[in-house]
1. Just need the relative contact order of the chain here, percent rounded to a whole number, with Cα pairs under 8 Å and 6+ apart.
2. Please report the projected area of the chain's Cα convex hull averaged over all directions, in nm².
3. By how many nm would the segment from residue 160 to residue 49 lengthen if fully extended, with 0.36 nm per residue of separation less the alpha-carbon distance?
4. By how many nm would the segment from residue 183 to residue 119 lengthen if fully extended, with 0.36 nm per residue of separation less the alpha-carbon distance?
5. Counting DSSP beta bridges with both partners in segment 155-217, what percentage is antiparallel, nearest 5?
6. As an exercise, use a Förster radius of 22 Å and the Cβ-Cβ distance of residue 236 and residue 91 to find the FRET efficiency, rounded to the nearest 0.05.
7. Taking Rh as the Kirkwood radius, which is the inverse of the mean 1/r over Cα pairs, what is the Rg/Rh value for segment 68-178?
8. Report the far tail of the P(r) of segment 178-288, meaning the percent of Cα-Cα pairs longer than 20 Å.
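Throughout, read-outs are computed from the coordinates displayed, never taken from laboratory work. Everything numeric here is computed off the predicted structure, so don't read it as measured data. All Cβ positions, even for glycine, are placed from backbone atoms using ideal geometry, and neighbour counts span all protein chains on display.
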Amino acid sequence: MRNPTPNSHVDTGRRRFLKQSAAGLAVVSIPNPLGGVSADDEFEVVHKRVKLPRLPRELRGLRIVMVSDIHSGPYMSKDDMDRYVARINALKPDVILLPGDFVQSRNEEVEPVCDAFVKLRARHGVYGSTGNHDYFDDADYISKELAHAGVRMLRNEHTLIEVKGKELALVGLDDVRSGHPFDSLFRQAVDGLDSSLPNIVLCHKPYYLEEASEYGAGLMVSGHTHGGQFVLARVFGTVITPAALISGYVEGLYRLDATQLYVTRGIGTVGIPVRFNCPPEITVLTLV
Ligand SMILES: [Fe+2]
């Protein structure tokens, strides 16, 4: 089911980050005994070409830039986010998608996100959905603040982007959690949506490819896994990480029938503020 990535490449241009631990200690790179890159001092821009079902000619080439799992807080400062925003804007996005986990755990952590993300620029807008960490405090407050900063939060609803007279549907789900199953959020989100339109679904957790396929989703974009955050190795496209014990959808592009799922590694961290063999990711999806 895993789709190898023939239509992708990774920018080698990377930026150094200097992370400060709570104790004031710098966390820079960690040697990777398995070879390759790794730690919390770099990010990658990953480019993918995605064949979206029912995509009209007018929408071909649409460039979607995506960042998830920001985790604003002690280990993701406004300066860090400013640098990400500059890099994202330099990619000249048509659409920017932000599928959740804006904050680590507190409402006030959204303020630096807003101060940085208000400068995001995309021809057809900036769209977001909530992640599980956005519910640690008050997801309604966080969503309203982001809206004031120009992020159109899609909370179990959809919107249409029009390009040269043709429409693309963006469908956003709140974090799927106890009492709020995928089915009911999805049904609410697509109520009134013309099913003949191409669609992209924002759903923070990537666990629902089978359900998304049953409902005819074209492409679902997710984060949540942080790509495993600690990756022991990559073997023929399979990521060896403890996170894979929870779900097989860890990073990259997956397909089930006509539905694809892209899982981005995100840019932030949880727990120990370090990534190992798993750099932060800005994703560029080009629709074809
Ligand atoms: Fe996260």
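1. Numbers: 712 pairs, mean separation 71.6, N = 288.
Relative contact order here is 25 percent.
2. Details: hull surface 56.4 nm².
Its Cα hull, projected and averaged over all orientations, spans 14.1 nm².
3. Details: separation 111, 0.36 × 111 = 39.96 nm, distance 2.12 nm.
Gain in length upon complete extension: 37.8 nm.
4. Numbers: separation 64, 0.36 × 64 = 23.04 nm, distance 3.44 nm.
Length difference between fully extended and current span is 19.6 nm.
5. Numbers: 8 of 12 bridges.
Of the beta bridges lying entirely in segment 155-217, close to 65 percent run antiparallel.
6. Numbers: r = 29 Å, r/R0 = 1.33.
Efficiency at R0 = 22 Å is approximately 0.15.
7. On the way: Rg = 13.7 Å, Rh = 14.1 Å.
That ratio equals 0.97.
8. On the way: 2681 of 6105 pairs.
That fraction is 44 percent.
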